Amino acid sequence: MALKFHPNPGTILVCKYEPGFVEPEMVKTRPVIVITPRLRNRDGLCTVVPLSLTEPSPVQNYHCLVQLGVTLPHPWNGNEGWAKADMLATVGFHRLDLIRLGKDHEGKRKYLQRTIAADQLRLIQTCVLHALNLGHLTI
């Protein structure tokens with residue numbers, strides 16, 4: 001189900017990159033971190049950085065290990081992930097969803113609604129600058 005609202009920067013979501021993206025672009029469903037606030041005249045779009053549970057080899061200055069502050073459910077099963085800032089993308093809300101946690105005792109769906117800590121978001125933003133060859137700028 002697609003998001004119907006613009007998530008705050010730092011929000012942990014899942015992004016369905018397929019269909020439409022083609023390798024070597026990101027083509028899997030992945031957890032992502034929102035890095036942009038709602039922009040005027042850009043309804044239905046936000047920029048995200050995907051996360052990977054696998055450490056990149058080699059680690060570059062546009063990768064960083066992010067502490068999520070929460071354990072993600074299956075199939076990710078972790079409380080940290082590698083931000084792949086070189087793979088940032090502006091995507092439509094139709095690709096984004098909250099991470100599903102299952103159902104409660106009444107059968108209602110439960111979702112992860114969490115943002116990462118401000119220092120972790122800043123770390124990702126710094127990696128984005130490096131990915132865009134703007135590492136000489138500061139935030």
For residues in the range 24-40 being exposed (fewer than 13 other Cβ atoms within 10 Å of the Cβ) and modelled with pLDDT of 80 or more, which is nearest to P75 (Cα to Cα)? K28
Need the failing condition index for D43 against (1) of a type in the set (D, E, K, R); (2) surrounded by 15 or more Cβ atoms within 10 Å (Cβ to Cβ); (3) over 19 Å from C127 (Cβ atoms), just the number. (2)
So, in the range 102-128, of the ones that are of a type in the set (A, V, I, L, M) and closer than 23 Å to V27 by Cα, which residue ends up modelled with the lowest pLDDT? L112
Looking at L39, is it of a type in the set (A, V, I, L, M, F, W, C) and in contact with a strand residue (DSSP E or B) (Cβ under 6 Å, 6 or more places away or on another chain)? no
Checked against (1) under 15 Å from the mean Cα position of the chain (by Cα); (2) surrounded by 13 or more Cβ atoms within 10 Å (Cβ to Cβ), A118 satisfies every condition except (2)
Hand me the list of strands (runs of 3 or more DSSP E) wholly inside the range 56-139 holding 1 or more residues that are charged (D, E, K, R), free of Cβ contacts under 8 Å to residues at least 12 places away in the same chain and farther than 25 Å from G44 by Cβ. 99-103, 109-112
List the residue pairs whose Cβ atoms are under 6 Å apart, where the first residue sits in the range 16-36 and is part of a strand (DSSP E or B), the second is among the hydroxyl-bearing types (S, T, Y), and the two are 6 or more positions apart or on different chains. K16/T29; V34/T11
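The values are calculated or read from the model by the stated rules, or taken from the named source; none is laboratory data. Please read all numbers here as calculations on a predicted model, not as lab measurements. Counting neighbours? That spans all protein chains shown, and the Cβs are built from the backbone with ideal geometry, glycine included.
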